[in-house]
Amino acid sequence: MASVKGYFQNIFENIRTIAIGMKITIKYCFQKTVTVHYPEHRLSFAPRYRGIHEFEADKCIACDLCAKACPVDCIYIDKSAPRKIDKKTGKAAGGELLRFAIDYSKCLFCALCTEPCPTLCIHMGKLHDLSSYSRKEVVVEFAELAKQELNTPIPLWMEKNRDRIGWVKDEYDRVKSRTLATTAADIAPVK
Ligand code: SF4
Ligand code: SF4
């Protein structure tokens, strides 16, 4: 008899807990949405938002100061010979910049690498969504990108959506034209 009572008690408990769960679910169904349908819609970033770097390879003298400032050692630089800024052109001359890479599986987006740069050629950008299929793909080879006339990588989703979403096209055109996302003029002074 006791087991029959327990059997019905279990059924009652199941129904009761499902009802509690459904009550919470229904309550959330009628609450205001807090997410957006990205990339069709997007939230605006704070002016000082720090995204994937933008790098001007033609101004980099491969001095390693950014790599030394990086707290997680995720910047890799190699050159064939010393480089320095040519005063006439304002561009780096001398040896070749063989490698300038950042491993985004380690990067903290702290911006400490941008502070000591003597030629102001490394900047924090505004793109954040660099999804990849492997760890190797999150190491961005900026010196190679420069050969394709890019300062920052163009994510695959941006390539795919640029013809149908206005803001994605604007951002795509900006990256293609090598216009920097963040410049001193963009950032309001701290009061
Ligand atoms: S943002 Fe910070 S962690 Fe990332 S590369 Fe620069 S210094 Fe290193
Ligand atoms: S500090 Fe600037 S110039 Fe020096 S290696 Fe880094 S990005 Fe290049």
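Considering the stretch 110-149 alone, what residues qualify as being away from ligand 2 (no atom under 16 Å from the Cβ) and either touching a Lys or Arg at 6+ places or on another chain (Cβ under 7 Å) or modelled with pLDDT of 95 or more (or both)?
Filtering the stretch 110-149 down to residues away from ligand 2 (no atom under 16 Å from the Cβ) leaves 126-139, 147-149.
Matches in the stretch 110-149: Val139, Lys147, Gln148, Glu149.
For Lys5, are the conditions met, namely being over 30 Å from Trp157 (Cα atoms), outside any loop (DSSP other than H, G, I, E, B) and at pLDDT below 95? Here the answer is yes, as Lys5 does meet what is asked.
Conditions (1) more than 10 Å from ligand 1 (Cβ to nearest atom); (2) touching an Asp or Glu at 6+ places or on another chain (Cβ under 9 Å), marked per residue:
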position: Ile61; (1), (2): yes, no
position: Val72; (1), (2): no, yes
position: Lys88; (1), (2): yes, no
position: Lys91; (1), (2): yes, yes
position: Ala111; (1), (2): no, no
position: Leu120; (1), (2): yes, yes
position: Ser132; (1), (2): yes, no
position: Glu141; (1), (2): yes, no
position: Asn151; (1), (2): yes, yes
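Whether any residue in the stretch 29-36 is within 29 Å of Ser177 (Cα to Cα) and either near ligand 2 (Cβ under 9 Å from one of its atoms) or of a type outside the set (S, T, N, Q) (or both) is what I want to check. Full working, then the answer.
Our first condition is that a residue be within 29 Å of Ser177 (Cα to Cα); within the stretch 29-36, this holds for 36.
Next, from what is left, pick out any that are either near ligand 2 (Cβ under 9 Å from one of its atoms) or of a type outside the set (S, T, N, Q) (or both): 36.
The answer is yes, given that some residue of the stretch 29-36 is within 29 Å of Ser177 (Cα to Cα) and either near ligand 2 (Cβ under 9 Å from one of its atoms) or of a type outside the set (S, T, N, Q) (or both).
Of the residues examined, Ile24 is not one that is surrounded by 12 or more Cβ atoms within 10 Å (Cβ to Cβ) and either among the aliphatic types (A, V, I, L, M) or modelled with pLDDT of 95 or more (or both).
Flag not set for Asp103, criterion: surrounded by fewer than 18 Cβ atoms within 10 Å (Cβ to Cβ) and on the phi > 0 side of the Ramachandran plot.
For the stretch 92-99, the criterion of being within 16 Å of ligand 2 (Cβ to nearest atom), closer than 21 Å to Ala181 by Cβ and at pLDDT 95 or above is met by none of the residues. Counting only helices (runs of 4 or more DSSP H) that sit wholly inside the stretch 74-187, those with at least 2 residues that are over 12 Å from Phe55 (Cβ atoms) are 156-161, 166-176. Scanning the stretch 39-81 for residues that are at pLDDT below 95 and not aliphatic (A, V, I, L, M) yields Pro39, Glu40, His41, Arg42, Ser44, Phe45, Pro47, Arg48, Tyr49, Arg50, Gly51.
Of all residues in the stretch 49-58, at least one satisfies being among the small types (Gly, Ala, Ser), assigned to a helix (DSSP H, G or I), within 16 Å of ligand 2 (Cβ to nearest atom) and surrounded by 10 or more Cβ atoms within 10 Å (Cβ to Cβ).
The values are calculated or read from the model by the stated rules, or taken from the named source; none is laboratory data. Fair warning: this is a prediction, and the values are worked out from it, not measured in the lab. Cβ coordinates were reconstructed from backbone atoms using ideal geometry, including for glycine residues, and neighbour counts include every protein chain displayed.
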